[in-house]
Amino acid sequence: MTEVGKARRRKEDARLLTGRTRWTDNLQQPGMLHVAFLRSPMAHARITGVDVSAARELPGVVAVFAGQDVAGEQGSLPCAWPVSDDIVIPEHPPMAVTEVRYTGEIVACVVATDRFKAADALEAIEVDYEPLPPVIDLETALSPDSPKVHETGNQAFSVKITSGDLDAAFRDAPVVIDRTYVQQRLIGAAMEPRAVLVSTDGDTFTMWTSTQIPHVLRVMLAMVTGVPEHQLRVIAPDVGGGFGTKLQVTAEEVLCLLLCRKLGKPVKWAESRTEGNLAVHQGRGQLQHIRLAADSDGRIRGLQVDLLADMGAYLMLVTPGVPMLGATMFNGIYKMDAYEFACKGVFTTKMPTDAYRGAGRPEATFAIERIMDELAAELRLDPIEVRRRNWIKHEEFPYTTIAGLTYDSGNYEAATDKALQLFGYDKLRAEQADRRDRGDPVQLGIGVSTFTEMCGLAPSRMLGEANYGAGGWEHASVRMLPTGKVEVVTGTSPHGQGHVTSWSQIAADALGVPFEDVTVVHGDTAISHKGMDTYGSRSLVVGGVAVLQACEKVREKARKLAAHLLECSPDDLDFADGAFKVKGTDSQTTIQELALAAFAAHNLPEGAEARLDSDATFDPVNYSFPHGTHLTAVEVDTETGHVKIRSYVAVDDVGKVVNPLIVEGQVHGGIAQGIGQALYEEAVYDAEGNLLTATLADYLLPSAADLPDFVTDRTETPATSNPLGAKGVGEAGTIASTPAVVNAIVDALRPHGVRDVPMPCTPERVWRALEGGRA
Amino acid sequence: MPRISVKVDGIAYEEDVEPRLLLVHLLRERLGKTGTPAGCDTSNCGACTVMLDGKTVKSCSVLAVQADGSDIVTIEGLAANGSLHPMQRAFHEEHALQCGFCTPGMVMAAIDLVRDTPDPSEEAIREGLEGNLCRCTGYCNIVRAVKRGAQEMGQAVKSS
Ligand code: FES
Ligand code: FES
């Protein structure tokens, strides 16, 4: 029986489909109070006074606090990734005390008997602000006469990495392409808004929170608040999407814990969507200056990357690490002689940025894949051809790139050939030529993206070298229960990825038990003692392997017990389909029977313990490197600027696949999110620092009507760095699709003199680009 | 405070409600029907969609008092005698949910769509679900599920 590779329908679904859900906001505790936060309407101001007295008098209001009231105990929100020696990590009070630095920063809170009373009471709080100048633009933020976000200035850090002789690469290069791209800020907008519930029995605290990282959060909360770690239990119940936005230690979590401690009562906070748009960390936010030198046949000589990365007002959990996750990825799948990556982190008076699906790698991939198209256009080469001339060939793996990473495996030729065929590339090029000849007002554009990414975060040693505050291992434990059923406890923390199903498949194969006999438990630090949680396309590649290894240890324990009971040597036993068989005989026992024998413990081998369980911690030796080729055809109306995606083909190589259905779903969702960045989404701040996209009426998420059906397929080049051969899939679609779509739009309009359209490529921006091209 | 009576998933309730109370809050906060989630505050996401007298509404855009006298079906009341509605089954078969937060609203909207258009084209499904946002699936499998659910709903009608 092989479960791995099967398109199993998910075990998770039945509950979710019938409304038997445990979203944090569904949960109640006896005597529970409700929290509402007052948020700054100003981007930058000194707080000169807060008067909460009127709010305290309102019916149902239990307590009101301003920053001053908690200043001594609230600590500072953590940044776990000091990427450089020169980094400045400013104090980040969960509730502002003397100064606010972004619109939406918490200045006071109300605790009341219901959520409506709490919200109403916010209006009775008086805050006096003395306005300070906002800092919005990244370039002017670094000029010496800019107003300052923090006293130390607006530069958070600077980093430079060089490899090869860049001067030589650019000197006398026949082709030099120089471009500036803007990665707009994005709002992750997981459909479940955040919520936090904390209760206490006077001794220990239990927090339910809509998080991707219950384990990391517990450690950090203990450090920030001084609540001893062993008296703190964190539970991620059902979590409605994350995409990196719930990979955070939030002000709201810290404050709810403090409020519960102060009041001795359970407290709950549930976010409104508008609050979330304002105060969930945002993604992207980079100004990218890219220079590429090439020979006249299109061979890349060197690449120079100069970034300004928008940190926002503070450094949160991995804020400065996000651009660094792209530092070794701008070279993409290509060979070159020299590479330079320079990045400055810049403080602005906006919501901090942090991880968002892909985190650093979509930004890098966008830049290289866009500029490869510019190189092709410059040399009048087909964009696929220019890529072929530069990519690492299949037989060259493992390959150490110019940026210093060793890509273990890949087959760019196979993925690209398959994608071209599924897409009908030649036919679409012919249609494009035809439309151009006819002067059709609706032009066809073809966009390609041949991406790779570094994921499966991550080898602990490499994280240490990158100055990250923790490791990248993952843990699993596996217990055979007396009746032969299997309980898998994982340190990963799924929020839509279907780990319960996939981990069941892995365990079922490794132990030879039915898929239905396995249950998977996760997301509760009291039950899953150890874990590094879910982000960075790591869960299967690291956590799935831990499950496999724990199962293998259980199997070996079972083998010893079987040998003892069957009176043979362990080496005389064959294991297949869940049964140990003495070679050449009919004598056998199943692993499920052995579970009962271990429980009864009547007849165990000398020194054996009465349990059939084990655990494993897996720490990978390398990152993993999924890759793929995505192709899209778009129709661009040159009169209105409207873009319609006509077809989209994705061939991904994510190595070995445990559940193809789940993999396909991840690719679909990823593509949609990347298209969102290309066409619709942007967190817009005005010159005063007000967020103009605070609701879903202003911040446009793609709907079903905006997207086509995606054609997906795979090639399978196993990862060599882990025993499952898996590479990770959570982020791939998002990384690939944004440049594919923008490349297609520019491709459609290039004959009109257009060589870039800034994202999101709204009809207005496309139209303006056309006007610019005509000028 | 006005008193209203509503039937929700077959159970009759009488409640005194503040005039400003939204139906979604009546369901979630007062009646414990937490199967219906709320994902926004501007009636954009559709997560809160329920059937009110046989037609879908976004329960965040209806006041509880407006629902007085109505018969409401939520995702919790859809499966009859322990067996899933064909549309729920189709969502499961086609892997049309990941985190599942949009799912209650999406399933309700899909059933309404199929009742109006028994054999919907892909385009009709996409247009018809425009008011329901999903951040996880990219909608491909939702579209496939609605097609499959429509077929099975059609068969269920024929065989009954
Ligand atoms: S909660 Fe978003 S539409 Fe009702
Ligand atoms: S499944 Fe997560 S929002 Fe739709």
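For segment B:128-143, filtering for residues that are in a helix (DSSP H, G or I) and within 14 Å of ligand 2 (Cβ to nearest atom) leaves 4. Out of the residues in segment A:149-177 that are small (Gly, Ala, Ser) and in a strand (DSSP E or B), which is least open to solvent (accessible area, probe 1.4 Å)? If we take residues in segment A:149-177 being small (Gly, Ala, Ser) and in a strand (DSSP E or B), then A:156 is least open to solvent (accessible area, probe 1.4 Å). The strands (runs of 3 or more DSSP E) found wholly in segment A:526-629 include none carrying at least 3 residues that are open to solvent by less than 10 Å² (accessible area, probe 1.4 Å). Candidates A:715, A:720: the one that is away from chain B (no Cβ under 14 Å) and within 14 Å of residue A:651 (Cβ to Cβ) is A:715.
Wholly within segment A:245-326, which strands (runs of 3 or more DSSP E) include no fewer than the required count, namely at least 2 residues that are of a type in the set (A, V, I, L, M) and open to solvent by less than 10 Å² (accessible area, probe 1.4 Å)? Spell out how you get there, then give the answer.
On the way: elements: A:267-270, A:283-294, A:300-312.
Per the criteria, A:283-294, A:300-312.
The conditions of being within 16 Å of ligand 1 (Cβ to nearest atom), in contact with a helix residue (DSSP H, G or I) (Cβ under 7 Å, 6 or more places away or on another chain) and either outside the structural domain of residue B:20 (by TED's automatic domain parsing) or over 24 Å from residue A:667 (Cβ atoms) (or both) are met by residue B:104.
Determine whether segment B:37-44 contains at least one residue that is within 16 Å of ligand 1 (Cβ to nearest atom), more than 24 Å from residue A:210 (Cα to Cα) and either in contact with a strand residue (DSSP E or B) (Cβ under 7 Å, 6 or more places away or on another chain) or in the same structural domain as residue B:125 (by TED's automatic domain parsing) (or both). Walk me through how you get there before you give the answer.
First, the residues of segment B:37-44 that are within 16 Å of ligand 1 (Cβ to nearest atom): B:37-44.
Right, trim to more than 24 Å from residue A:210 (Cα to Cα) and you get none.
Among the residues of segment B:37-44, not one is within 16 Å of ligand 1 (Cβ to nearest atom), more than 24 Å from residue A:210 (Cα to Cα) and either in contact with a strand residue (DSSP E or B) (Cβ under 7 Å, 6 or more places away or on another chain) or in the same structural domain as residue B:125 (by TED's automatic domain parsing) (or both), which makes the answer no.
Quick check: is even one residue across segment A:723-736 away from chain B (no Cβ under 13 Å) and within 22 Å of residue B:130 (Cβ to Cβ)? No, because not a single residue in segment A:723-736 is away from chain B (no Cβ under 13 Å) and within 22 Å of residue B:130 (Cβ to Cβ).
From the list B:39, B:69, B:100, which one is more than 12 Å from every other protein chain (Cβ to nearest Cβ) and part of a loop (DSSP other than H, G, I, E, B)? Spell out the reasoning first.
Numbers: B:39 fails: more than 12 Å from every other protein chain (Cβ to nearest Cβ); B:100 fails: more than 12 Å from every other protein chain (Cβ to nearest Cβ).
Every option except B:69 fails the conditions.
One residue stands out among those in segment A:679-692 that are within 22 Å of the chain's Cα centre (by Cα) and open to solvent by less than 30 Å² (accessible area, probe 1.4 Å): the one that is farthest from the other protein chains (Cβ to nearest Cβ), which is A:683.
Considering A:493, A:502, which residue is touching a Leu at 6+ places or on another chain (Cβ under 8 Å) and polar (S, T, N, Q)? Outline the logic, then answer.
On the way: A:493 fails: touching a Leu at 6+ places or on another chain (Cβ under 8 Å).
Exactly one of A:493, A:502 is touching a Leu at 6+ places or on another chain (Cβ under 8 Å) and polar (S, T, N, Q), namely A:502.
With respect to residue B:3, is the statement that it is more than 16 Å from ligand 1 (Cβ to nearest atom), open to solvent by 20 Å² or more (accessible area, probe 1.4 Å) and not aliphatic (A, V, I, L, M) true? So residue B:3 passes the test. Could you list all residues from segment B:110-127 that are open to solvent by 10 Å² or more (accessible area, probe 1.4 Å) and within 16 Å of ligand 2 (Cβ to nearest atom)? B:126 - this is the single residue of segment B:110-127 that is open to solvent by 10 Å² or more (accessible area, probe 1.4 Å) and within 16 Å of ligand 2 (Cβ to nearest atom). The requirement of being among the aliphatic types (A, V, I, L, M), in contact with a strand residue (DSSP E or B) (Cβ under 9 Å, 6 or more places away or on another chain) and either assigned by TED's automatic domain parsing to the domain that holds residue A:358 or at pLDDT below 95 (or both) is fulfilled nowhere in segment A:693-703; no residue meets it. Restricting segment B:1-47 to residues that are of a type in the set (Ser, Thr, Tyr) and touching a residue at least 60 places away in the same chain (Cβ under 8 Å), the residue that is nearest to ligand 2 (Cβ to nearest atom) is B:36.
Scan segment A:178-200 for residues that are away from ligand 1 (no atom under 16 Å from the Cβ) and either at pLDDT below 95 or buried (at least 22 other Cβ atoms within 10 Å of the Cβ) (or both) and report the count.
Of all residues in segment A:178-200, those away from ligand 1 (no atom under 16 Å from the Cβ) come to A:178-186, A:188, A:196-200.
Of the ones still in play, those that are also either at pLDDT below 95 or buried (at least 22 other Cβ atoms within 10 Å of the Cβ) (or both) are A:183, A:185-186, A:188, A:196-198.
Qualifying residue count, segment A:178-200: 7.
Would segment A:431-445 turn up any residue that is of a type in the set (A, V, I, L, M), assigned by TED's automatic domain parsing to the domain that holds residue A:641, under 25 Å from residue A:757 (Cα atoms) and open to solvent by 10 Å² or more (accessible area, probe 1.4 Å)? Yes, segment A:431-445 contains at least one residue that is of a type in the set (A, V, I, L, M), assigned by TED's automatic domain parsing to the domain that holds residue A:641, under 25 Å from residue A:757 (Cα atoms) and open to solvent by 10 Å² or more (accessible area, probe 1.4 Å).
Please indicate, with yes or no, whether at least one residue in segment A:620-628 is touching a residue at least 60 places away in the same chain (Cβ under 8 Å), under 22 Å from residue A:757 (Cβ atoms) and assigned by TED's automatic domain parsing to the domain that holds residue A:435. Break it down into steps so the answer makes sense when it comes.
If we filter segment A:620-628 for residues that are touching a residue at least 60 places away in the same chain (Cβ under 8 Å), which is where we start, we get A:620-628.
After this cut, where a residue has to be under 22 Å from residue A:757 (Cβ atoms) as well, the list is none.
Checked segment A:620-628: no residue is touching a residue at least 60 places away in the same chain (Cβ under 8 Å), under 22 Å from residue A:757 (Cβ atoms) and assigned by TED's automatic domain parsing to the domain that holds residue A:435.
Within segment A:97-121, residues that are in contact (Cβ under 8 Å) with a residue 24 or more places away in the chain have Cβ atoms under 8 Å from residues that are assigned to a strand (DSSP E or B) and open to solvent by 40 Å² or more (accessible area, probe 1.4 Å) in these pairs: A:98/A:46; A:99/A:46; A:100/A:129; A:107/A:50; A:108/A:50; A:111/A:62; A:112/A:62; A:113/A:62, counting only partners at least 6 apart in sequence or on another chain.
Summed over segment A:336-369, the residues that are under 22 Å from residue A:282 (Cβ atoms) and surrounded by fewer than 24 Cβ atoms within 10 Å (Cβ to Cβ) give a count of 1. If you go through segment B:57-77 and pick out every residue that is under 22 Å from residue A:15 (Cα atoms), in contact with a Ser or Thr (Cβ under 7 Å, 6 or more places away or on another chain) and away from ligand 2 (no atom under 16 Å from the Cβ), you end up with 3.
Quick grid of which residues meet (1) within 16 Å of ligand 2 (Cβ to nearest atom); (2) among the β-branched types (Val, Ile, Thr); (3) away from chain B (no Cβ under 14 Å):
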| residue | (1), (2), (3) |
| --- | --- |
| A:209 | no, yes, yes |
| A:213 | no, yes, yes |
| A:219 | no, yes, yes |
| A:225 | no, yes, yes |
| A:232 | no, no, yes |
| A:236 | yes, no, no |
| A:242 | yes, no, no |
| A:248 | no, no, yes |
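When segment B:45-62 is limited to residues that are within 14 Å of chain A (Cβ to nearest Cβ) and more than 9 Å from ligand 1 (Cβ to nearest atom), the one that is nearest to residue A:270 (Cα to Cα) turns out to be B:50.
Residues are listed down the side, and each one gets a yes or a no for (1) touching a His at 6+ places or on another chain (Cβ under 9 Å); (2) facing chain A (nearest Cβ under 10 Å):
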site	(1), (2)
B:65	no, no
B:80	no, no
B:88	no, yes
B:126	no, yes
B:140	yes, yes
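The number of residues in segment B:48-66 being in contact (Cβ under 8 Å) with a residue 60 or more places away in the chain, part of a helix (DSSP H, G or I) and open to solvent by 10 Å² or more (accessible area, probe 1.4 Å) comes to 1. Of everything listed in (1) within 16 Å of ligand 1 (Cβ to nearest atom); (2) open to solvent by 20 Å² or more (accessible area, probe 1.4 Å); (3) within 9 Å of another protein chain (Cβ to nearest Cβ); (4) part of a loop (DSSP other than H, G, I, E, B), the single unmet condition for residue B:25 is (4).
The values are calculated or read from the model by the stated rules, or taken from the named source; none is laboratory data. Keep in mind the model is a prediction, meaning the values are calculated, not measured. Neighbour counts are summed over all protein chains in view; Cβ atoms, including those assigned to glycine, are modelled from backbone coordinates with ideal geometry. For the accessible areas, the whole protein counts, side chains as well, though only heavy atoms, and no ligand, DNA or RNA atoms are used. Shrake-Rupley method; radii C 1.70, N 1.55, O 1.52, S 1.80 Å.
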